[in-house]
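**Student:** My structure is below; once you've seen it, I'll send some questions.
Each value in this text was obtained by applying a stated rule to the coordinates, not by laboratory testing. Predicted, not measured: the structure shown is a model, and the values here were computed from it. Neighbour counts are summed over all protein chains in view; Cβ atoms, including those assigned to glycine, are modelled from backbone coordinates with ideal geometry.
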Amino acid sequence: MSSAPHYDAVIIGAGMSGLATAVRLGMYGKKVLILERHNAPAGLNSFYARGTRKYDVGLHALTNWVPEGTKGTPLVKILRQLRIKREELDLCPQVGSRVVMGGYTLRLDNDFAHLLEDVARQFPHQADAFRALDAWIGQLDEAALQEHGGSARALLEEKISDPVLRDLLLLPTCFYGSALEDDIEVSQFAIMWRSLFREGFARPFIGVRQVVRVLLDRCREHGVERRMKCGVQRLTVQGDRVSALLLDDGTEVTADQVYSSAGAVETARLRSDVVPTTRAADIGNLGYAETITTYNLNAFQQFGWHDTIVFFCDSERFHYRSPTDLVDGRSGVICLPNNYQYGAGRALDEGWLRVTALANHDAWCALPEADYQAQKNAWWAKLQAIAKAHLPAIPAGVPHAEPTSIDMFTPRTVRKFTGHLNGAIYGAKVKQRDGRTDLTNLYLIGTDQGFLGVTGAMLSGISMANLHGLKG
């Protein structure tokens, strides 16, 4: 008989989905262990420190924000199922965001009526078609665990005749939720439609750390065991089950159930019964680079930058694919975390500018270290210039208008700290919405289950815990 410690559930990865899974199972008395290879929780939505400065690396916004008292939404479900009080997340709604392309602007400001107005004013011949598309999407259960399938680009071509409007709708939904090049799967598009258009954006005052704190508090309350700097080397497979997990420190644990947020391909490659190169064709192709720049707060407040998020495309058509160059600066996302409604007397300590664009994993990883650092500096400057073209010009004479710090991550960084092959933030091309694998006690959570972002990751953990760990 094995002397390895045994658990009801072992969870691979202390990201948002892993923590939510653990909390949900722990609430019902399950003996749960979380294994995390790195020294910080939160996975793709983590944070890091340089000196006293804390950088969020994933959270632009917590989506699906709705006013207090709204019923039946993903945010409300998360709060109820994890027994989190709304005030614990300290959510502050956005000031206002926009999508810009080809001289057109659509507002995304937590009020769907404004988006309707913008479509009707700028695309009057498309207003009825847009409303019909919204109604069609509204009848889908976007959180259903059955696959909807299909191409959102094909759906838009069927229902919206104007190609620019189609691209304006694809631009934010792809950047915030698609693992597919030049497209997004219909059910994921429906999730993004609700998350970005129908509901909206908010941010905890201190950023992602607030969400992590709350989830870790709940883990402690329910006796969840967590081992940091301890990943999984191998999943030992016997018959149709994972019989044991070999950890990085050489020890073993066993579990009735294993939930993995490592990614579908990455999880498959941990198995003892497969070759190391299994499922190569399923690996996602889409990597991202992001610059993070800070400014003196007094200077930043004079810049006149009032957007929360800007989704931009500077080319005639929206292209969403791995670039041939290191970075594709033709489209991307500009995020200004200062521009949330934090309330009287509250403001961030510095001004923040984050710029995200598609990037080529293989090209970044092929660079010698000196060239890698040089290209990071070069692309930091290029992305700042691109972003500033979409923001009001900084008034002349503003003192301390130069950055107080700069940083940048690339697909190489993402792969190093998350283990995602190709640095693909949105994971594999095909999702497994019910979380099942061909092994009876191994389940996927998080990115490759298919609910993305901070809200989606927590919802993924809850849904998979309910379906596989608590049902019946």
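**Student:** Report, in deg cm²/dmol and to the nearest 500, the calculated mean residue ellipticity at 222 nm for the chain, where each DSSP H run with n ≥ 4 adds -39500 (n - 2.57) and the sum is divided by the residue count.
**Tutor:** Numbers: 15 runs with 143 residues, N = 472.
It comes out at -8500 deg cm²/dmol, rounded to the nearest 500.
**Student:** Could you tell me what percent of the DSSP beta bridges with both partners in the chain are antiparallel, to the nearest 5?
**Tutor:** 70
**Student:** Here's something else I'd like to know. So the label point goes 7 Å from the Cα of residue 252 along Cα→C-beta, right? Which residues of segment 218-240 then have their backbone N under 18 Å from it?
**Tutor:** 231-240
**Student:** Please report the Cα spread of segment 109-195 along all three principal axes, rounded to whole Å, starting with the longest.
**Tutor:** Largest first, segment 109-195 extends 36, 23, 22 Å along its Cα principal axes.
**Student:** Suppose every K and R has +1 on its Cβ and every D and E has -1 on its Cβ; what is the size of the dipole of segment 285-417 about the Cα centre, in Debye to the nearest 20?
**Tutor:** The calculated dipole for segment 285-417 is roughly 220 debye.
**Student:** Something else: Please report, in Å, the Rg and the Dmax of segment 285-417, where both are computed over Cα atoms only.
**Tutor:** 15.7, 48
**Student:** Viscosity 0.890 mPa s, temperature 25 °C: Stokes-Einstein D of segment 138-246 from its Kirkwood Cα radius, in µm² per second?
**Tutor:** 138
**Student:** Oh, and also: Which order results if 464, 27 are arranged by neighbouring Cβ count within 10 Å, fewest first?
**Tutor:** 27, 464
**Student:** Calculate the spin-label point distance for residue 297 paired with residue 136, positioning each point 7 Å from the Cα along the beta-carbon direction, and give it in nanometres.
**Tutor:** Spacing of the two 7 Å Cα→Cβ label points: 4.8 nm.
**Student:** Once Lys and Arg get +1 and Asp and Glu get -1 on their Cβ, which of 400, 310, 377 lies farthest toward the positive end of the dipole of segment 285-417?
**Tutor:** 310
**Student:** Under the definition of Cα pairs under 8 Å and six or more residues apart, what whole-number percent is the relative contact order of the chain?
**Tutor:** 24
**Student:** Related question: Name the aspartates and glutamates eligible as straight-distance cross-link partners of residue 77: C-alpha to C-alpha under 16 Å, and not fewer than 8 places from it in the same chain.
**Tutor:** 68, 87, 88, 141, 142, 199
**Student:** While we're here: Calculate the dipole size of the chain relative to its Cα centre from +1 charges on Lys and Arg beta carbons and -1 charges on Asp and Glu beta carbons; express the result in debye to the nearest 20.
**Tutor:** The calculated dipole for the chain is roughly 1060 debye.
**Student:** I'd like to know how segment 366-454 sits against the 2.2 N^0.38 Å rule of thumb: what's its Cα Rg over that expected value?
**Tutor:** 1.62
**Student:** Using the 10 angstrom Cβ neighbour count as an exposure proxy, how do 31, 54, 85 rank, fewest first? Walk me through the intermediate numbers first.
**Tutor:** Numbers: 31 17, 54 14, 85 8.
Fewest-to-most Cβ neighbours within 10 Å comes out as 85, 54, 31.
**Student:** For residue 236 and residue 466, calculate 0.36 nm times their separation in residues minus their Cα-Cα distance, and state this gained length in nm to one decimal.
**Tutor:** Length difference between fully extended and current span is 80.3 nm.
**Student:** If I take R0 = 25 Å and measure r between the Cβ atoms of residue 80 and residue 111 in this structure, what FRET efficiency does the formula 1/(1 + (r/R0)^6) give, to the nearest 0.05?
**Tutor:** 0.50
**Student:** To continue, here is another question. Each label point is 7 Å from the Cα along the Cα-to-Cβ direction; what then is the distance between the points at residue 342 and residue 159, in nm?
**Tutor:** 3.8
**Student:** Compute the projected area of the convex hull of the Cα atoms of the chain, averaged over all viewing directions, and report it in nm² to one decimal place.
**Tutor:** The directionally averaged projection comes out at 23.0 nm².
**Student:** What are the residues whose amide H is under 5 Å from the amide H of residue 34, where those residues sit 5 or more places off or on another chain and H is modelled from the backbone?
**Tutor:** Amide H neighbours of residue 34, under 5 Å, 5+ apart: 11, 225, 226, 227.
**Student:** Another question, then. How do 162, 362 rank when sorted from fewest to most other Cβ atoms within 10 Å of their own Cβ?
**Tutor:** Ascending number of Cβ neighbours within 10 Å: 362, 162.
**Student:** Points 7 angstrom from Cα along the Cβ direction at residue 88 and residue 277: gap in nanometres?
**Tutor:** Each label point lies 7 Å from its Cα, and together they span 4.8 nm.
**Student:** Shifting gears a bit: Roughly how big is segment 109-195's charge dipole about its Cα centre, with Cβ charges of +1 (Lys, Arg) and -1 (Asp, Glu), in debye to the nearest 20?
**Tutor:** Working: 6 positive and 17 negative charges, 30 e Å.
With Lys and Arg at +1 and Asp and Glu at -1, about 140 debye.
**Student:** Here's a follow-up. Cut-off under 27 Å on the C-alpha distance; same-chain residues fewer than 8 positions from residue 376 excluded. Which lysines are left, in chain and number order?
**Tutor:** Here the lysines satisfying the reach criterion relative to residue 376 are 54, 388, 416.
**Student:** Send over the per residue convex hull volume for segment 155-201, Cα only, as a whole number of Å³.
**Tutor:** Roughly 73 Å³ of hull volume per residue.
**Student:** Expressed as a rounded percentage, what relative contact order does segment 1-128 have, with Cα pairs under 8 Å and six or more residues apart?
**Tutor:** Value for segment 1-128: 13 percent.
**Student:** In percent, what relative contact order does segment 90-166 have, based on Cα pairs under 8 Å that are 6 or more apart in sequence? Please list the in-between numbers first.
**Tutor:** Numbers: 54 pairs, mean separation 15.9, N = 77.
Contact order relative to length: 21 percent.
**Student:** If you don't mind, another one. Considering the dipole of segment 187-256 built from charges on the beta carbon (Lys and Arg +1, Asp and Glu -1) around the Cα centre, which of 247, 206, 228 is farthest to its positive end?
**Tutor:** Among 247, 206, 228, the one farthest towards the positive end of the dipole of segment 187-256 is 206.
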